[in-house]
Amino acid sequence: MSNILQSDIWARFQESNGHTVIRKSGNGWSYLATVEGGATGRYLYSPYGPVASSAVAFDEALASLKEEAAKLRCLFVRIEPTESAIWGDQDAATFLARRGAVLAPRQVQPSHTQIIDLSGSEDEILKGMSSSYRNRHRNLHKKGVTIEVSTNPSDMTILFGFLEETADRNGFNRQQDEYLMQVARVLMPAGAASLYIAKLTDENGESTPIAAAFVYDSDDTRTYAHAAASFEHRNLSAGVVVVTNFILDAKRKGLKYVDLFGIAPEDQPDHEWAGFTKFKKSFGGESVEYPGTWDVPVTSLGYRAYTLAYKARPAVRDAVSKAKEKLRSLRSR
């Protein structure tokens, strides 16, 4: 199962976004990594990487990552291996810890996700979904809802409008429009991204977008990246049909998997993702857990300084905020 974040096209996107990108490969291993960080220190980050077919291959990849990080004066390497062939029968956390890795102070890519195997027929894939979702897929067209697929970056503004509406209503931070637009500019012409749009046609024949989903395609996997829907038309549940359509289209395209990208852990019912986890699981598939985000220090002293600075950032931000507030108060007297 390949991941878009370790692909050539993602490397091209990262370079277009101004990142320094490192791509290396060897016998049974490969990785894409970018230089990240700021005032607290630089590091080399390999999202959902390195990719390796065995423990030996992983060790070679890790040695290469550390070597490149040292050349770039990075304090550490941040990794997120996903293939169980790397650690085999061993506990993944123990395996990584024995190689000097420590759990990162923050998790970057989701460590829990929902994967749909597309090897079955379309009917079998639909049977894996909840009955209500199957019914919406088969019948929503009767209410005037159609699905269109766009590979035109300019259509991303449809999604941006829904994302802004949803973020304002629910009070969360979302990915910036320009970032997503640049993803679209690079991936769409290469056939590696599509925008699925649900439209409602009224009695006058006028069509209005009511939901949209942005998906990425690697060699064998479609990833559900970003989606949102019109609150006004929420009773139509058009977001459901957008997903069922891009799942079945992935099957028709010859892809092997759909990654619904990010769910809450089973034992955390109060997790911030609990709501959309239920939504995603209703499309069927299997829940998968990865080891998460780990850091491998290049120099232990440098990494210790980084973690101390990272932990201090909230306190520093709070102190700065209080100082600014006090200054404003004094000026207003």
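Each 20 Å bin from zero holds the following percent of Cα-Cα pairs in the chain: 27, 54, 18, 1. This model, with +1 at the C-beta of Lys and Arg and -1 at the C-beta of Asp and Glu, gives the chain a dipole about its Cα centre of some 1340 debye. With no solvent and one equal point scatterer per Cα, compute the Debye intensity ratio I(q)/I(0) for the range 198-291 at 0.19, 0.21, 0.23 Å⁻¹ and report its log10, rounded to two decimals. Values returned for q = 0.19, 0.21, 0.23 Å⁻¹ are -0.99, -1.12, -1.24.
First obtain the Kirkwood hydrodynamic radius of the range 120-255 from its Cα pairs, then insert it into the Stokes-Einstein equation at 4 °C and 1.567 mPa s, and state the resulting D in µm² per second as a whole number. Taking Rh from Cα pairs, D becomes 84 µm²/s. For the chain, the residue among Ala229, Leu44, Asn139 whose Cα projects farthest onto the positive side of the dipole built from Cβ charges is Leu44. With neighbour counts taken as other beta-carbon atoms within 10 Å, the residues Thr82, Thr20 rank, fewest first, as Thr20, Thr82. Each residue of the range 228-236 is assigned a 3J(HN,Hα), and the resulting list reads 6, 9, 5, 5, 4, 9, 4, 5, 7 Hz, derived from the Karplus form 6.51 cos²θ - 1.76 cosθ + 1.60 (θ = phi - 60°), x at Gly and Pro. Residues Asp220, Asp267, ranked from the fewest to the most other C-beta atoms within 10 Å, line up as Asp267, Asp220.
Taking every DSSP beta bridge that has both ends in the chain, the antiparallel portion is near 85%.
Pairs with C-alpha atoms separated by more than 29 Å, drawn from the list Lys71/Lys311; Lys24/Lys251; Lys24/Lys311; Lys66/Lys280, are Lys24/Lys251; Lys24/Lys311; Lys66/Lys280. Evaluated on the range 1-146, the Kirkwood hydrodynamic radius is 17.8 Å, with distances taken between all distinct Cα atoms.
With Cα atoms defining each centre, the range 120-158 and the range 38-83 are spaced 39 Å apart in the structure. When Arg99, Arg73, Arg222 are arranged by Cβ crowding within 10 Å, least crowded first, meaning fewest neighbours, the order is Arg73, Arg99, Arg222. Among 173-185, 105-117, sorting by the average number of other beta carbon atoms lying within 10 angstrom of each residue, highest first, gives 105-117, 173-185. Estimated from helices alone, the mean residue ellipticity of the chain at 222 nm is -12500 deg cm²/dmol (sum of -39500 (n - 2.57) over DSSP H runs with n ≥ 4, per residue). Taking Cα centre as origin and charging only the Cβ of basic (Lys, Arg, +1) and acidic (Asp, Glu, -1) residues, the dipole magnitude of the range 120-255 rounds to 480 debye.
Averaging the sequence gap over all C-alpha pairs within less than 8 Å and six or more residues apart, then dividing by the number of residues, gives the range 120-255 a relative contact order of 28 percent. The value of relative contact order for the chain, using C-alpha pairs under 8 Å at least six residues apart, is 23 percent.
Every read-out reported here was derived from the displayed coordinates using simple, explicitly stated rules and does not represent laboratory data. Everything numeric in this text was worked out from a predicted model, so none of it was measured. Heads up, the Cβs are rebuilt from the backbone with ideal geometry, glycines too, and the neighbour counts pull from every protein chain shown.
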